[in-house]
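Presented below is the structure to which this report refers.
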Amino acid sequence: MQNPYIPYPVIVDKIITEVDTKDIKTFRFKFVNPEDEQKYAYIPGQFGELSIYGKGESPIGIASSPTQKGYVEFTVQKAGVVTSALHEMEEGMMMGIRGPLGNSWPLEFLEGKNIVIVGGGFAFTTLRSLINYMIYGDNRKRFGNITVIYGARNPGLLLYKDELIEWQKRDDLNINVTVDKGDATWKGREGFVPAVCKEVAPSKENAVAVICGPPVMIRFTLPVFFELGFSKENIITSLEMRMKCGIGKCGRCNVGSKYVCKDGPVFTLAELDKLTPEY
Amino acid sequence: MEKRLIKKDALAGIAKKMAGDLLVWAPVKKEDNVLFAPLGSGDEPFFAYLNSKNAPKNVFFPHTETLMKFTRTPKGMVFSSETNQAAQSVLFGVRPCDAHSFVLLDKLFDQEKYKDGYYIEKRKSTTVISLACVKPPYATCFCTSVDGEPVSAEGADILLTDIGGDYLAEFITEKGEKLAKYFGETKADAAADTKKSEIATKAKESIASKIPAHEIKPILDVNFDNPFWNTIHGKCLACGTCTYMCPTCHCFDISDEVKGSDGVRIRSWDSCMFPLFTKETSGHNPRSSQKERWRQRAMHKFKYYVDMFNAIACVGCGRCVMSCPVNIDIRKVVEDISKL
Ligand SMILES: Cc1cc2nc3c(=O)[nH]c(=O)nc-3n(C[C@H](O)[C@H](O)[C@H](O)COP(=O)(O)OP(=O)(O)OC[C@H]3O[C@@H](n4cnc5c(N)ncnc54)[C@H](O)[C@@H]3O)c2cc1C
Ligand code: SF4
Ligand code: SF4
Ligand code: FES
């Protein structure tokens with residue numbers, strides 16, 4: 001049996017600087033042992049522990065979709081020890097990844113429903129995974145309307161810019177990209193995510209909202225969805241807690257009786273209501 | 001079940017004989033304390049002890065433990081080896097409360113989905129010999145309130161009970177029976193059984209400290225926000241002693257150490273009583289004061305563990321009560337909760 005503490009060896013295959021401030025990069029990894037890719041079979045919404053020997057590990061949401069074969073991607077903001085070391089990495093270097101960890105976006109529950117995706121800041125990563133999964137080939141038929149509302153502080157901070165353009169070209173996706181404040185070249189929408197949600201006003205009929213972003217965004221977005229009539233069972237989010245083991249042993253990331261690493265990070269609001277409000 | 005009688009003064013000799021063949025952890029006197037330590041050739045085990053100062057959990061879950069090694073290459077640091085070693089061992093003469101704690105730790109480390117091989121390997125290769133408490137060692141012992149008993153085979157492969165001139169040795173599991181050869185040939189008779197159950201009943205009755213540990217779960221379920229939580233932590237120093245001493249506390253940290261071109265990833269005990277335990281890089285800390293941390297400790301033992309594993313994560317050893325430098329007493333905390 002695989003020792004869950006030991007990372008799979010990977011090669012940094014590609015590094016994409018996502019934002020003007022250069023502190024968010026997407027890292028594409030290839031497995032050193034091709035058979036490990038099978039073992040790393042994941043579902044959108046799961047995360048991995050990025051492991052830089054000598055520095056430590058950081059839990060990071062998986063940004064690629066399982067439909068993208070041959071590699072796995074993570075989008076990481078430079079923050080402390082491990083993420084800074086990661087930002088120093090060059091293509092061709094070796095490191096490790098553990099996982100996939102945690103539950104995932106509830107794909108079976110989402111099937112056949114209209115999906116509203118709301119993302120802010122760099123928390124958009126696992127939502128990107130979900131979108132790319134849902135629109136891939138025949139997968140698209142398994143889901144109803146897909147509405148995406150995604151915001152960043154300014155145009156330079158938007159992630160996955162090329163993909164956003166591609167998505168906007170599709171007629172089976174309703175993409176709403178917004179920035180708090182535009183610049184000289186910005187022709188898109190301006191406004192905060194909650195306000196845009198109000199404008200777009202997705203219908204609650206047979207719909208599920210998947211919401212991920214900074215705490216303030218969530219705080220002001222939820223009331224909009226309650227007003228639109230979404231029930232707490234149909235609003236899904238992903239939590240972040242400080243983590244180490246990622247497998248429910250080190251005792252660090254519990255919210256009430258649930259470990260976010262093992263039982264989460266994805267919860268419905270109805271589930272969160274049953275836990276202690278300590279996150 | 002195989003049962004034998006051994007003369008009381010033969011016990012140390014048995015432990016020493018075993019130590020010639022296996023790694024034997026036994027209580028030994030170290031300065032003013034009794035601690036479990038690997039029995040070396042010149043060492044004398046000390047079985048007339050009350051309980052060991054530290055919980056013996058470090059046998060399975062060492063204070064610091066190397067998880068893996070790595071080494072520098074031109075392409076960066078890469079994994080070099082896994083370091084999971086477990087010698088055939090015997091944990092000789094633990095108290096029943098501590099043996100009970102292993103059963104509780106198993107629930108966490110040996111789950112269906114994620115198995116912690118480091119703990120499990122050591123656990124599998126170790127035979128646990130419990131030494132029943134015929135007299136309750138301390139006034140702070142409250143095992144009977146938390147599903148334990150002073151004469152109990154829970155978590156033990158062999159149970160030793162002092163029945164007067166002899167020890168009754170009961171070989172509870174197959175693992176225990178494998179060591180029967182060290183225990184002489186004197187079969188125990190029915191009289192020994194009768195004596196043992198008399199002693200067990202008396203020992204159980206003599207545990208005076210009782211707490212309503214089983215009553216507070218439904219109270220904790222609905223009192224997360226009770227102002228009561230403001231009343232425990234005032235004098236707490238956040239030293240973490242209570243959690244380090246506790247046989248059921250299992251929180252740990254993982255960190256890397258590098259020397260030259262080689263390094264190790266280690267895990268070491270951590271504590272929910274420390275402010276940094278849950279502090280995120282952004283500065284956000286979901287348990288921002290000692291109030292939240294004490295609530296976590298109480299909740300984890302008497303509610304969360306019950307929700308997760310249907311068991312209270314306290315065995316009533318009283319170590320936290322005796323070692324807290326500012327005399328915070330978990331028994332009083334439980335008592336107070338029961339009155340909310
Ligand atoms: C489920 C999950 C998904 C995440 N996804 C992303 C993502 O897609 N992109 C991204 O940039 N960041 C993500 N984060 C946050 C990211 O894990 C932290 O920013 C990162 O661990 C900081 O590590 P550091 O070593 O750079 O900082 P340090 O301050 O040096 O942290 C030391 C250690 O503490 C732990 N830690 C500190 N802060 C956090 C935190 N907020 N969450 C979890 N562990 C922490 C880590 O083990 C880390 O190695 C996610 C966190 C979680 C829990
Ligand atoms: S909480 Fe205190 S009394 Fe209970 S097992 Fe831990 S150290 Fe012993
Ligand atoms: S031993 Fe006492 S002072 Fe130290 S952390 Fe525990 S409760 Fe606080
Ligand atoms: S990260 Fe260790 S328990 Fe969740």
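Structure values in brief
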| read-out | value |
| --- | --- |
| When each of A:Lys22/A:Lys181; A:Lys55/B:Lys124; B:Lys115/B:Lys178; A:Lys14/A:Lys187 is checked by Cα-Cα distance, pairs over 24 Å | A:Lys55/B:Lys124; B:Lys115/B:Lys178; A:Lys14/A:Lys187 |
| Two-site FRET efficiency, B:Val326 against A:Asp171, from Cβ-Cβ distance with R₀ of 60 Å, rounded to 0.05 | 0.35 |
| Between the range A:118-134 and the range B:225-291, the alpha-carbon center distance in angstrom | 32 |
| With all protein chains modelled, accessible area of A:His87 [1.4 Å, Å²] | 10 |
| Listed pairs A:Lys141/A:Lys161; A:Lys25/A:Lys161; B:Lys303/B:Lys339 exceeding 20 Å between Cα atoms | A:Lys141/A:Lys161 |
| Extreme residue, positive dipole direction of the protein assembly as shown, given options B:Cys324, B:Ile216, B:Gly93 (C-beta unit charges) | B:Cys324 |
| Peptide B:218-230, shielding by other chains (average Cβ, 10 Å cutoff) | 1 |
| Kirkwood hydrodynamic radius over Cα pairs of the range A:1-54, then Stokes diffusion coefficient at 37 °C and 0.692 mPa s, in µm²/s | 250 |
| From phi via Karplus (6.51, -1.76, 1.60), per-residue ³J(HN,Hα) for the range A:118-132 in Hz, x at Gly/Pro | 10, x, x, x, 7, 6, 6, 4, 6, 6, 4, 4, 5, 4, 4 |
| Accessible area of the range A:107-238 belonging to carbon and sulfur atoms, whole % at 1.4 Å probe | 53 |
| Placed amide H near A:Ala79: partners under 5 Å, 5+ positions off or other chain | A:Ser84 |
| Percent carbon-and-sulfur accessible area, the range B:217-338, ignoring ligands, DNA and RNA, probe 1.4 Å | 53 |
| Two-decimal ratio, chain B, of alpha-carbon radius of gyration to 2.2 N^0.38 Å | 1.07 |
| For peptides A:138-145, B:93-100, B:267-274, B:294-301, sequence by mean Cβ density within 10 Å, most packed first | B:93-100, B:294-301, B:267-274, A:138-145 |
| A:Tyr160 accessible area, assembled protein chains, probe 1.4 Å, Å² | 10 |
| Centroid-to-centroid separation of the range A:192-246 and the range B:23-68 [C-alpha atoms, Å] | 53 |
| Viscosity 1.002 mPa s, temperature 20 °C, Stokes-Einstein D of chain A from Kirkwood C-alpha radius, µm²/s | 111 |
| 1.4 Å probe accessible area per residue over the protein assembly as shown, in Å² | 42 |
| Solvent-accessible area, 1.4 Å probe, carbon plus sulfur percent, for the range A:8-101 | 50 |
| Peptide B:65-71 - average C-beta neighbours from other chains (10 Å radius) | 3 |
| Candidate residues A:Thr126, B:Thr231, B:Thr73: accessible-area rank, largest first, probe 1.4 Å | B:Thr231, B:Thr73, A:Thr126 |
| Straight-distance crosslink candidates among aspartates and glutamates, where the alpha carbon sits under 20 Å from B:Lys187 and sequence neighbours closer than 8 are dropped | B:Glu2, B:Asp9, B:Asp157, B:Asp162, B:Asp166, B:Glu170, B:Glu174, B:Glu177, B:Glu198 |
| Rounded D (µm²/s) - the range A:107-238, Kirkwood Rh over Cα pairs, Stokes-Einstein at 4 °C, 1.567 mPa s | 88 |
| Pair-distance profile P(r), taking every C-alpha pair of the protein assembly as shown, with 10 angstrom steps and integer % | 3, 15, 22, 22, 17, 11, 6, 3, 1, 0 |
| Exposure of B:Cys242 as accessible area (Å², to 10), given a probe of 1.4 Å and all protein chains | 20 |
| Probe 1.4 Å, all protein chains present, accessible-area order of B:Phe171, B:Phe224, largest first | B:Phe224, B:Phe171 |
| Residue among B:Gly76, B:Gly176, B:Gly240 with the largest mean-square fluctuation in a Gaussian network model of chain B, springs linking Cα atoms under 10 Å | B:Gly76 |
| Residue-averaged 222 nm ellipticity for chain A, from DSSP H runs of 4+ at -39500 (n - 2.57), nearest 500 | -6000 deg cm²/dmol |
| Exposure rank, largest accessible area first [B:Asp253, B:Asp225, B:Asp116; 1.4 Å] | B:Asp225, B:Asp253, B:Asp116 |
| Binned Cα-Cα distances of the range A:46-121, short to long, each 10 Å bin given as a whole percent | 15, 44, 28, 11, 2 |
| P(r) of the range B:217-338 over all Cα-Cα pairs, binned every 10 Å from zero, in whole percent | 12, 40, 33, 11, 4, 1 |
| Cleavage-rule hits, GluC sites (Glu not before Pro), the range B:239-340, DSSP coil, Cβ neighbours within 10 Å at most 15 | B:Glu280 |
| B:Lys202 versus A:Thr21: modelled label distance in nm, points set 7 Å from Cα along the beta carbon direction | 7.3 |
| Rounded Å value of the spacing that divides the Cα centres of the range B:155-187 and the range B:310-331 | 30 |
| Mean residue ellipticity (222 nm) of chain B, computed from DSSP H runs ≥ 4 via -39,500 (n - 2.57), nearest 500 | -7500 deg cm²/dmol |
| Peptide A:250-263 - average C-beta neighbours from other chains (10 Å radius) | 5 |
| Area buried, chain B against chain A - accessible surface, total, 1.4 angstrom probe, square angstrom | 3700 |
| The range B:2-205: projected area of the alpha-carbon convex hull, averaged over directions, in nm² | 14.3 |
| Mean projected area in nm² (Cα convex hull; one quarter of hull surface) for the range A:8-101 | 5.4 |
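The values are calculated or read from the model by the stated rules, or taken from the named source; none is laboratory data. Quick caveat, the model's predicted, so the values are computed rather than measured. Note that each Cβ is placed from the backbone with ideal geometry, even for glycine, and that neighbours are counted across all protein chains shown. Just the protein is used for accessible areas: all its heavy atoms, side chains included, with ligands, DNA and RNA removed. Shrake-Rupley method; radii C 1.70, N 1.55, O 1.52, S 1.80 Å.
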